[in-house]
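Scroll down for the structure; my scribbles are underneath it.
The values are calculated or read from the model by the stated rules, or taken from the named source; none is laboratory data. Because the structure is predicted, anything quoted here is derived from the model rather than measured. Cβ placement follows ideal geometry from the backbone for every residue including glycine, while neighbour counts extend to all protein chains displayed. Side chains are part of the model used for accessible areas, which takes the heavy atoms of the whole protein and leaves out ligands, DNA and RNA. Shrake-Rupley method; radii C 1.70, N 1.55, O 1.52, S 1.80 Å.
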Amino acid sequence: MHKSAAWPLALIYMGLIVYASLYPFSEWRDQGIVPWAFMSAPIPRYWTGFDVATNVVGYAPFGGLLALSVLRTGRFKHAILVPIAAATVLALAMEIVQSYLPARVPSREDWLLNTLGAASGAIISVALSKLGAIDRWSQIRARWFVLESRGGIVLLALWPLALLFPPAVPFGLGQVLERVEEAVGAQLVDTPFLDWLPIRETDLQPLVPGAEMVCVALGLLIPCLLGFCVIRARLRRAGFVLMIVGAGVAVTALSAALSWGPAHAWAWLRLPVQVGMGLGGVLALVLTLVPWRASAALLLLCLGIYLSLLNQSPESAYFVDTLHAWEQGRFIRFHGLAQWLGWLWPYAALVYVLSLIWQRDAKN
């Protein structure tokens, strides 16, 4: 029997909600009011449709995933009550904690809209279940994926979301070295341990077009190889490659449109990117013929090259401006939901593939 991917996805989404709700995690202080004072505050004068939509939509996937988790246990009577109760407690806790963050404003309306969003997601999941959509998905999963595939499905479902936060290189996830160095250096200032850090003699240099092409190709090839580790038939692997390329292009264009405006949705599609996409797609189609173990080995090799190239290049000036727009503008609510996915996805895939090899070897 397949293990449901809904429960780990719900836990991951809850963690991202906590991050997005408490960002920027700085200047904590007691503001001299009880943490639940917002419950009796007057209705705010200024309230936009964007605020309403983000509060509802932000919690809808959480409620939907929790409902799916409950449905898979067979407790149909609790499929709506459990998500509503969990979302109510989580949203209320986030608003209370925000009372200690001057940069965030706790709101009764936010709490109620978050609960409404989770309830909407749960109701949609239950309705889809009654219409047979959940059973249909179970049948599709049984035909497409091997038995122990939950971790791979979770990572593949998160890959498009990770691309929403604008990367410095298209499909370039996991570029964290420069920020980690800065964060560690800031923490070790005025300590003898600062001298232990490796110091580069030269600054990081931007990727040349050839290296950018390789990063783009590997950025598309890596999720395809991950899929090959858990997808059964070779013909379905080929269809999966087309879905990955389509999803990657669509989400990257959406990210560019959100960051720079709809007129610049395709500004990222430069010649090295086009060649890299073609190369990655062709390689993925050729590699549909290899067994899962070879796919896993190639995935580990590609991850090593990919992360090495990306982390030897700096963030571009345009990318820094984009980060400022996301961190300070109206996208702040999505800041944690996508940024951490973009940073951690390749490393999570690395750990998953190593564990997959270990588990299957242990059974043999």
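Of 90, 66, 81, 101, which residue is of a type in the set (A, V, I, L, M) and out of contact with any Phe, Trp or Tyr (no Cβ under 9 Å at 6 or more places or on another chain)?
81
What number of residues within the range 289-313 satisfy the criterion of being in a helix (DSSP H, G or I) and touching a residue at least 24 places away in the same chain (Cβ under 8 Å)?
15
Given the conditions (1) over 25 Å from residue 357 (Cβ atoms); (2) open to solvent by less than 30 Å² (accessible area, probe 1.4 Å); (3) modelled with pLDDT of 85 or more; (4) of a type outside the set (Gly, Ala, Ser), which single one is not true for residue 323?
Condition not satisfied by residue 323: (3).
Do you know which residues across the range 33-46 are over 32 Å from the mean Cα position of the chain (by Cα), at pLDDT 75 or above and either part of a loop (DSSP other than H, G, I, E, B) or of a type in the set (Val, Ile, Thr) (or both)?
33, 34
Can you confirm whether residue 282 is more than 26 Å from residue 339 (Cα to Cα) and β-branched (Val, Ile, Thr)?
Against the criterion (more than 26 Å from residue 339 (Cα to Cα) and β-branched (Val, Ile, Thr)), residue 282 qualifies.
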